[in-house]
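Please read the structure below before turning to the comments.
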Amino acid sequence: MLNISHNQLNKKFDLSTYKSGQIVFHANYYKFFNRFLLAFALFGIVLLFMPWTQIISTKGLVTTLKPDQRPQTIQSPIPGRIEKWFVQEGDFVKKGDTILEVSEVKSDYFDPNLVERTGEQIEAKASSVTSYGEKVKALERQILALSTETVLKLQQAENKLIQSKLKVKSDSIDLEAAQTNFEIAQRQYERTASLQQEGLKAVKDVEEKRLKLQETQAKLISQENKLLASKNEVINAQVEISSVSASYKDKVSKAQSDKFTAQSSQFDTEAQVSKLENAYSNYKMRNKLRYITAPQNGFINKAIRGGIGETFKEGERLVGIMPSQYDLAVETFVAPIDLPLLYKGAKVRVQFDGWPAIVFSGWPNVSYGTYGAKVVAIENFISDNGKYRVLLAPDKSDNPWPTAIRVGSGAYTMTLLEDVPIWFELWRKINGFPPNYYQPQSKKTDGKK
């Protein structure tokens, strides 16, 4: 009862006569209560100096350690239409097992014998290449023959020219002889005519000399004609040499032109063959793409596109698959202010959703239901959520993680930092300071070295 008025009831009534008053106002009550307060205060003071592990608590998801072990979707590199399913959701498939069959939706690939027909075209074009090659060889032989014939014809024409020149020389000599004979006959005629006028020769002798003079003159004119004819033959031989050279050059040039045309056609056909072979390989690969197969061993999660006859575009997701063999890991995100406190190999405690746990924050050794992990990767660039991604792997020195954990389930992580007294942690929390910057002893030693 409070004594806050002038009417003091404790002076009018004796409270000790009551049973409750005897208990409350008894001296032993204060003694036990004071001892309790003193013990509680001592316990609180001792508790403040007990060790406390600073932690960075975050939420994350269970994932896989390696990228090729994570859930994936299977796409079709070509557009098509679903024809048949060979699996159902939840089935286990091995690498290379057929999941579904698709058909073409482009008119360019409707022909079921497209690959065979393309192969026939390649064979035909290859034969054409061989024919062009043989034509090129035949033209080369023809050019060689023409070149040889040109040499022979030129030699023949040159020999004829030499003969013509020699004949000109021979005719020139004959002309000189005829000229000499004509001059001799003329002098004899003149001498005989002179003697006949003097009466020493008969008229008959003069007539004979005149006849002989006319004969030698005729031979002289005939020899002059032969010499001119021989000179014409020399000119004709020279013209024939030029004609033979020009004619055979024209023939060789035409044969070379035909050869180059054949070679051009051969190269063009070879390019067409290469193009057809490329198309042939593409068609064969495209036929294989009509069957969607499993890229690795795993379980079919979900058919994203279902039904029969449903069409899809190239690159569109068709079915999801989860690898059967994987190494578990935890993906978590930390704030930029806590990023300097993390390092590869840092110890982390993980609590998984669905597994009962009793967690004492700051006393990880006393916690129950948490599992050990360590940091294996820290992202160098901030994520879209404004935090840095950290990948955690199981700590092999700790208890193994539960085998029934599924990829994608939630997890609560506690990164273990420096051990400090509880009073320091309370002081830090009240002031809103970040945890102490902490690096392990081995890191410090390596830094000093």
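The values are calculated or read from the model by the stated rules, or taken from the named source; none is laboratory data. Given the structure is predicted, the values throughout are model-derived calculations rather than measurements. Backbone-built Cβ (ideal geometry, glycine too); neighbour counts: all protein chains shown.
Points to keep in mind about this one:
- Residue pairs meeting the criteria (Cβ under 7 Å; at least 6 apart or on separate chains; first over 19 Å from residue 324 (Cβ atoms), in the stretch 394-410; second surrounded by fewer than 10 Cβ atoms within 10 Å (Cβ to Cβ)): none
- Members of the stretch 74-85 that are under 23 Å from the mean Cα position of the chain (by Cα) and surrounded by fewer than 17 Cβ atoms within 10 Å (Cβ to Cβ): 75, 77, 79
- Test: residue in the stretch 230-237 that is buried (at least 16 other Cβ atoms within 10 Å of the Cβ) and closer than 30 Å to residue 89 by Cα: no
- The residues of the stretch 381-412 that are exposed (fewer than 11 other Cβ atoms within 10 Å of the Cβ) and of a type in the set (A, V, I, L, M) amount to a single one, 404.
- Every test in (1) of a type in the set (A, V, I, L, M); (2) under 30 Å from residue 248 (Cβ atoms); (3) in contact (Cβ under 8 Å) with a residue 24 or more places away in the chain is passed by residue 126 save one, and that test is (2).
- Strands (runs of 3 or more DSSP E) wholly inside the stretch 31-116 that include at least 1 residues being outside the structural domain of residue 276 (by TED's automatic domain parsing) and closer than 30 Å to residue 341 by Cα: 51-64
- Candidates 220, 227, 211 - the one that is closer than 19 Å to residue 165 by Cα, assigned by TED's automatic domain parsing to the domain that holds residue 154, in a helix (DSSP H, G or I) and hydrophobic (A, V, I, L, M, F, W, C): 227
- Scanning the stretch 300-326 for residues that are of a type in the set (A, V, I, L, M, F, W, C) and surrounded by fewer than 16 Cβ atoms within 10 Å (Cβ to Cβ), we see that the one that is farthest from residue 406 (Cα to Cα) is 308.
- The stretch 27-62 - residue that is farther than 30 Å from residue 389 by Cβ and among the small types (Gly, Ala, Ser) and, of those, modelled with the lowest pLDDT: 27
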